[in-house]
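To keep things clear, I will list the structure first and then write my remarks on it.
What follows draws every value from the coordinates through simple rules; no lab data is involved. Bear in mind that the values here come from a model prediction, so they are computed numbers and not experimental data.
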Amino acid sequence: MLEDLSYEPGQNDEFYALGAYSGTPMRTLPARIKPGIRLGEDYFATDGQFVRDSAYRAIQWGLWKRLPYRTNG
């Protein structure tokens, strides 16, 4: 479950991707997608409120990726 809730360092590159709104609040903050980060063997939460707000969605997405009957279409 912690893997579903956490990024590896450098995993998300969408926030600073090229474009007019690069690195601004007009882009979705990575912590709103996955509220944790994995550093070495440890996991850390960026903010308690982000965990509350995005945990359901991150867990749901992680489970969906593991379903044996999932289709790619």
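Quick check: residue separation of Arg52 and Tyr21 times 0.36 nm, minus the Cα distance between them. What number comes out in nm?
Values: separation 31, 0.36 × 31 = 11.16 nm, distance 2.63 nm.
So the extension gain works out to 8.5 nm.
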Among (1) -0.75, -0.85; (2) -0.67, -0.90; (3) -0.78, -0.96, which one is log10 I(q)/I(0) by the Debye sum over Cα atoms at q = 0.18, 0.21 Å⁻¹ computed from these coordinates?
(3)
